[in-house]
Each structure stands twice: as structure tokens, then as C-alpha cells.
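Asker: First the structure, then my questions, so here it is.
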Amino acid sequence: MKAIAIAEGIYRLGVNLDSTHLFEGMWPMPDGISLNAYVVQGEKTAIIDLVEDIDDKPVEFEQGLNSIPLRAQDIDYLVVNHVEPDHTGWLPALHRKNPKMQIYITAKGAAILKAFWNITENIQVVKTGDTLDLGGSRELVFYEIPNVHWPETMATFERHSGILFSCDAFGSYGMITDTLFDDQLSSAQYDFFMAETRRYYANILASFSIFVEKALALLQPLDIKMIAPSHGLIWRKNPQEIMDIYSRFARYLHGPAETAITLIWSTMYGNTGQVVKAMVEGVRSEGVPLHLHRVPHDHVSFILASALQSAGIILGMPTYEYKMFPPMAWALDMFDRKKIWNKQVLRFGSFGWSGGAQRELEMLTEKLKWTFVDPVEWQGAPSEEVVKQAGLQAKKLAQRLKEGEVG
Ligand code: FEO
């Protein structure tokens, strides 16, 4: 893919990974993902982040570099915002081609560089506020944003153009093909990228929402004209909007999310499944938006995205061997890891000889700050009365969310 000029002397170099790949080896990407790097040219030339060493992507990436035109040997500075291999896979090969290139990186990043590739020379360790003057009215300023997404991560700001190279922050799933900027999208494309931005946050950054808030506070005072992440769109229409969206996602760690319910259900022989319809109708009778998932059928990647934005969660699962139905337990383990906190939760489900799922659910989710409404549990097949009661409980949960009684 050819490099695309995003400002005078500043280029986006990108490749796409398609849907055959799993991000981080685990997250599905039905529409792939882009890996973005950037070249900033003043009197000297810097490249910010690189590309994963997968398939023939480094070859494609270097072709993009040549289209500027620029050769690997012409690069004066490599800025490593983040050492994760989706952005540094090509680093050892580039270093062999251009060993004199100066590498700008945080102290923690430098330690990883040494551990992974034993690269220790021409390293410039930077911290927040340090600068790199490229001449020709191009000056890079570095900002440490630890844990957004790894402890070593930083963002780089080009002072004169106002472009923030934010690495993983503000990124999304989805390949970049004919549109690179948010202001070029149709409304359908915009909705797609906003949904994939949310899913990316839920999968990759939700564990670190406290650090996202710190990063936002650090970056907020900058006069940002454009945000250029390492995945997905470049945000130039209104960069503040995506920062506000991130602020909202991060706030869900401390309090209720949107007035919406994510209903996740599972069933063994259909006795719990028979009650789903009543639950759906109970929520919809109050006009509260509903996101519906089934486990183990739906990947937890998508469930996390729905749950992140929902103040209410309904879990349909039977008791299995005196505990939670295992596919639901696996999904909820990821809720714990990704800090899906502060939810108002209703569980429904059947049992054979004795219950136990509710007890384990409440015990294992204690640190998630979930508040439970009375569950709907029954032995064997659901009676008409059980179905009616389920619908009423779902309605009650929806009403409580609307009344702002969550949290
Ligand atoms: Fe896109 Fe955390 O790497």
C-alpha cells in the first residue's frame, strides 16, 4: 500500500491484516485490522512505529516506504511508541539494514528491546516532555502513557502540525481501504468503526481504564489537530470527540454505563433457554436497548463490547455440577480480567437437583462491584408462573436502570 500524506512531510504507512488472523492470537477480526506507522520529515527523518513481521507484511510496508520515496537506510530516527510485536516485528530487520538509526523509546521499552533483540546501541531513552527536533518546523514531543497498552508505552506529538501519534489509544479493528480519515466515512462506515473502536477498547484497553484516564489528563492540554493511532482511522474531524468517548469508556470503571442491558444466555437441554423470550420482552417493554448474546456460541470479544457499555447485565445459565454453567463461567472470567465493573445484574436459570450457580456467581464477581436483583431460579422445566416472573424481573431491572438506581 502506498504511503498517504496526512500533512506536509508527514505520511501514514499502513498494511492490513485480514480476517484469517486473530488479534493477540485470540480476538476475532471479521473485518481485519490495520497496522499504521508514520513518517515525519523535517531536515531529518523519523519513523514512528513499524509493522508486524507476519506473512509478507514487512515487504509491503517497505514498498510503502519506498513510495514516499524513502529507503530504510534514509531513516535517521525510529520512535518506538510501543514494543508489542504488531508494531515492532520488523524492527530487527530494519535495524540490520540501518544500524546507525537512533531509537527513541522509554526506559521500560529500552529494557524490552534489549531482552528481545539485544539491541543496546544508539538508544535514546525519553520521558514525558522530552523532544526531538527534526528541523524544518517538525518537532516531536514525547508523552509517557504507561499501560495504554503496555507499561512502556508512550505517545508522540508533532508540535507544529498538532498531530498526536497515539499508538494503540483511539485505535479500532477494521481494515483501512479507501478511507483513512473519519471525515471521509459514510454514516454506515462511521457506525462500523465506532462499534469496532468500542470492541477494541473492551478487548485491549478496558483492563487499564485507570491508566487511560491518566493518559487523557496528560494529553488533554495539547492543541491536538489530528489523532493518528496505530490501528484504524485517523481522527481529524473533531479529535476531542474520540477523547471524550474514551473518557466515557474509562468512567464505566467507577460508575454506571449507558442505560442498556446485555443479555447473555446459555442452556443445556432448553429449560433455561425457554425463558429468554420473556426476558427479552420484559426489557423491551421498557424501551431499554438490549444486546443479546449466547454462550458458548458468541465469542467473548463481542460480549465484552456489549457489556462494557451496558449498565445492566442479565445472565441466563443453569446450575451445572452445583456451580455455574461452565461456558458462562469462562465468559465471566474474562469480565473479571477486563474489569467489567459496576453492573446491575439479574440471573435466571434452571437446576436439576439443587442450585449453586447463583452462589458461585455472587462469590466470583464480588470484586466487580456488581449489584444483584433477585434471581429467577426453578427446578426442571419452567412453569408459566416462572416465565411470567422472569419477564417481570427483567422489566424491573430495566426500570431501575431508567430511574438511575444503578451503581
Ligand atoms: Fe497494537 Fe498493544 O499493540
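Asker: I'd like to verify a number: residues in region 306-333 that are free of Cβ contacts under 8 Å to residues at least 40 places away in the same chain and closer than 25 Å to Gly404 by Cα, how many?
Answerer: Result for region 306-333: 1.
Asker: Still on this structure, please answer the following. Do we have any residue at all in region 256-266 that's within 16 Å of the ligand (Cβ to nearest atom), at pLDDT 95 or above, surrounded by 20 or more Cβ atoms within 10 Å (Cβ to Cβ) and of a type in the set (Gly, Ala, Ser)?
Answerer: First, pick out the residues of region 256-266 that are within 16 Å of the ligand (Cβ to nearest atom): none.
Checking region 256-266: not a single residue is within 16 Å of the ligand (Cβ to nearest atom), at pLDDT 95 or above, surrounded by 20 or more Cβ atoms within 10 Å (Cβ to Cβ) and of a type in the set (Gly, Ala, Ser).
Asker: Could you check Gly404 against (1) assigned to a loop (DSSP other than H, G, I, E, B); (2) at pLDDT 95 or above; (3) not hydroxyl-bearing (Ser, Thr, Tyr) and say which number it fails?
Answerer: Status for Gly404: all satisfied but (2).
Asker: Can you tell me which residue among Ala195, Ala169 is away from the ligand (no atom under 14 Å from the Cβ), open to solvent by less than 60 Å² (accessible area, probe 1.4 Å), under 14 Å from the mean Cα position of the chain (by Cα) and aliphatic (A, V, I, L, M)? Break it down into steps so the answer makes sense when it comes.
Answerer: Details: Ala169 fails: away from the ligand (no atom under 14 Å from the Cβ).
Step by step, each of Ala195, Ala169 is checked, and only Ala195 is away from the ligand (no atom under 14 Å from the Cβ), open to solvent by less than 60 Å² (accessible area, probe 1.4 Å), under 14 Å from the mean Cα position of the chain (by Cα) and aliphatic (A, V, I, L, M).
Asker: Let me ask you something else. Within region 27-85, how many residues turn out to be open to solvent by less than 10 Å² (accessible area, probe 1.4 Å) and closer than 28 Å to Met334 by Cβ?
Answerer: Summing the residues that are open to solvent by less than 10 Å² (accessible area, probe 1.4 Å) and closer than 28 Å to Met334 by Cβ in region 27-85 gives 11.
Asker: Okay, next question. Which of the residues belonging to region 12-26 are open to solvent by 10 Å² or more (accessible area, probe 1.4 Å) and within 15 Å of the ligand (Cβ to nearest atom)? Steps first, please.
Answerer: Filtering region 12-26 for residues open to solvent by 10 Å² or more (accessible area, probe 1.4 Å) gives 16, 18-26.
Hits for region 12-26 are Asn16, His21, Leu22, Phe23, Glu24, Gly25, Met26.
Asker: Residue check: is Ser306 modelled with pLDDT of 95 or more, touching a His at 6+ places or on another chain (Cβ under 8 Å) and either part of a helix (DSSP H, G or I) or not acidic (Asp, Glu) (or both)? Show your work before the answer.
Answerer: On the way: modelled with pLDDT of 95 or more: yes; touching a His at 6+ places or on another chain (Cβ under 8 Å): yes; either part of a helix (DSSP H, G or I) or not acidic (Asp, Glu) (or both): yes.
Spelling it out, Ser306 is indeed modelled with pLDDT of 95 or more, touching a His at 6+ places or on another chain (Cβ under 8 Å) and either part of a helix (DSSP H, G or I) or not acidic (Asp, Glu) (or both).
Asker: Does Glu144 qualify as being farther than 26 Å from Asn238 by Cα, within 16 Å of the ligand (Cβ to nearest atom) and charged (D, E, K, R)? Explain how you work it out, then say what you get.
Answerer: Details: farther than 26 Å from Asn238 by Cα: no; within 16 Å of the ligand (Cβ to nearest atom): yes; charged (D, E, K, R): yes.
So Glu144 does not fit the description; no.
Asker: Output the residue which, of all residues in region 147-162 that are under 14 Å from Lys108 (Cα atoms) and open to solvent by 10 Å² or more (accessible area, probe 1.4 Å), is nearest to the ligand (Cβ to nearest atom).
Answerer: Step by step, filter region 147-162, then rank; the result is His149.
Asker: Now a separate question. Look through Ile224, Ile204 and report the one residue that is outside any helix (DSSP H, G or I), in the same structural domain as His149 (by TED's automatic domain parsing) and open to solvent by less than 50 Å² (accessible area, probe 1.4 Å).
Answerer: On the way: Ile204 fails: outside any helix (DSSP H, G or I).
One residue alone meets the criteria, Ile224.
Asker: For residues that are in a loop (DSSP other than H, G, I, E, B) and within 17 Å of Ser306 (Cβ to Cβ), scanning just region 334-353, find the one that is most open to solvent (accessible area, probe 1.4 Å). Reasoning before the result, please.
Answerer: Within region 334-353, the first condition is being in a loop (DSSP other than H, G, I, E, B), and the residues that meet it are 338-343, 352-353.
Subset that is within 17 Å of Ser306 (Cβ to Cβ): 338-343.
On the way: Lys338: 28, Lys339: 70, Ile340: 2, Trp341: 50, Asn342: 17, Lys343: 5 Å².
Among those residues, the one meeting the criterion is Lys339.
Asker: Just to check your reading of the model, which residue among Ala115, Ala111 is at pLDDT below 95 and out of contact with any helix residue (DSSP H, G or I) (no Cβ under 6 Å at 6 or more places or on another chain)?
Answerer: On the way: Ala111 fails: at pLDDT below 95.
The conditions single out Ala115.
Asker: Out of the residues in region 239-255 that are part of a helix (DSSP H, G or I) and of a type in the set (A, V, I, L, M), state the one that is surrounded by the fewest Cβ atoms within 10 Å (Cβ to Cβ). Break it down stepwise before answering.
Answerer: Going through region 239-255, the residues part of a helix (DSSP H, G or I) turn out to be 239-251.
Next cut, of a type in the set (A, V, I, L, M) only: 242-243, 245, 250.
Details: Ile242: 21, Met243: 21, Ile245: 16, Ala250: 21.
Only one residue fits best here, namely Ile245.
Asker: Still on this structure, I have one more. Hey, can you tell me all the residues within region 280-290 that are free of Cβ contacts under 8 Å to residues at least 60 places away in the same chain and surrounded by 18 or more Cβ atoms within 10 Å (Cβ to Cβ)?
Answerer: Passing the criteria: only Leu290.
Asker: Can I ask one more? Among the numbered criteria (1) without any contact (Cβ under 8 Å) to a residue 12 or more places away in the chain; (2) in contact with a strand residue (DSSP E or B) (Cβ under 7 Å, 6 or more places away or on another chain), which single criterion is violated by Tyr173?
Answerer: (1)
Asker: Give the number of residues within region 379-393 that are touching a residue at least 40 places away in the same chain (Cβ under 8 Å) and either of a type in the set (A, V, I, L, M) or part of a strand (DSSP E or B) (or both). If you could, list the steps in order and put the result at the bottom.
Answerer: Going through region 379-393, the residues touching a residue at least 40 places away in the same chain (Cβ under 8 Å) turn out to be 380-382, 386-388, 390-393.
Filter again for either of a type in the set (A, V, I, L, M) or part of a strand (DSSP E or B) (or both), leaving 381, 386-387, 390, 392.
Number satisfying all stated conditions: 5.
Asker: Please enumerate the residues belonging to region 99-143 that are among the charged types (D, E, K, R) and either within 24 Å of Pro221 (Cα to Cα) or within 25 Å of the chain's Cα centre (by Cα) (or both). Walk me through it before giving the result.
Answerer: Going residue by residue through region 99-143, those that are among the charged types (D, E, K, R) are 100, 108, 114, 121, 127, 130, 133, 138-139.
Those that are among the charged types (D, E, K, R) and either within 24 Å of Pro221 (Cα to Cα) or within 25 Å of the chain's Cα centre (by Cα) (or both): Lys108, Lys127, Asp130, Asp133, Arg138, Glu139.
Asker: Condition first: in contact with a strand residue (DSSP E or B) (Cβ under 7 Å, 6 or more places away or on another chain) and open to solvent by 10 Å² or more (accessible area, probe 1.4 Å). Now tell me which residues in region 383-404 satisfy that.
Answerer: Going through region 383-404, the residues in contact with a strand residue (DSSP E or B) (Cβ under 7 Å, 6 or more places away or on another chain) turn out to be 386, 389-390, 393-394, 397-398, 400-402.
Within region 383-404, Val386, Gln389, Gln393, Arg400, Lys402 qualify.
The values are calculated or read from the model by the stated rules, or taken from the named source; none is laboratory data. Quantities reported herein were computed from a predicted structural model and do not represent experimental measurements. Methodologically, a virtual Cβ is constructed for each residue, glycine included, from the backbone with ideal geometry; neighbour enumeration extends over all protein chains shown. Only protein heavy atoms, including side chains, enter the accessible area calculation; ligands, DNA and RNA are left aside. Shrake-Rupley method; radii C 1.70, N 1.55, O 1.52, S 1.80 Å.
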